[in-house]
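Note sheet for the following structure.
Quick note: the coordinates plus some simple rules give every number you see, no bench work behind them. All values derive from a computational prediction rather than experimental measurement. Positions of Cβ are generated from backbone atoms using ideal geometry, with glycine treated the same way; all protein chains shown enter the neighbour counts.
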Amino acid sequence: MSNFNEKSRAAYGKKADSYDKSRKEDTPGHRTKDGIEFTELVEINCLDLNKLPIEDDNTELWFWMKFIKTDDEGVLDLLAQRNPQMKKAVGVLKRLSADERTRMLYENREKARMDYESRVDEIEKKWQIVIADKDAKIADKEAEIAKLRAQLEKQNI
């Protein structure tokens, strides 16, 4: 009996057969209670907002990435005009921003994150100094060893 449903088989083709054979029957975590393949329910995409092009490419993805990245209220208002979902998201964002307690929680979380990153950077700089010092000492010892080897070679000749 196959663990792959017809929809999966159509999407994955021959790969579905090899995937199906490599799985154990009733592997926990692969199916929901109603028997739907878990891999069809979840899709994870990682998007690097730093690589967002300045000019829009007229795709929904670009506009959503711009929505996530921007802190300019004017840009948010322009994005809200694109479609009903974007308008709703901008509205929710504005409501959350207007709520003083939520805003304070966000600002405190951001401050804690920045403090943590600052401490990590400081520790990394200290370790870089320690490592550079150790590397210099190692280089000095290696030079001393090379000098002593040269003296030994002269004595053995």
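For segment 94-104, the Karplus equation 6.51 cos²θ - 1.76 cosθ + 1.60, evaluated at θ = phi - 60°, returns couplings of 5, 5, 5, 5, 6, 6, 4, 5, 4, 4, 5 Hz by residue, with Gly and Pro reported as x.
Between residue 97 and residue 123, the modelled label-to-label distance comes to 3.4 nm, taking each label 7 Å out from Cα in the direction of the beta carbon.
Above 19 angstrom, tally the Cα pairs of segment 49-98 and express them as a % of all pairs, no decimals.
On the way: 236 of 1225 pairs.
Everything past 19 Å amounts to 19 percent.
Using the Karplus relation 6.51 cos²θ - 1.76 cosθ + 1.60 with θ = phi - 60°, the per-residue 3J(HN,Hα) values for segment 148-154 come to 5, 5, 5, 5, 5, 5, 5 Hz, with x marking Gly and Pro. Cβ crowding within 10 Å, taken as a proxy for footprinting-reagent exposure, orders 52, 152 from fewest neighbours to most as 152, 52. Taking other Cβ atoms within 10 Å as a rough exposure proxy, 133, 71 sort from fewest to most as 71, 133. Inter-label distance, residue 139 to residue 34: 6.6 nm, where each label sits 7 Å from its Cα along the C-beta direction.
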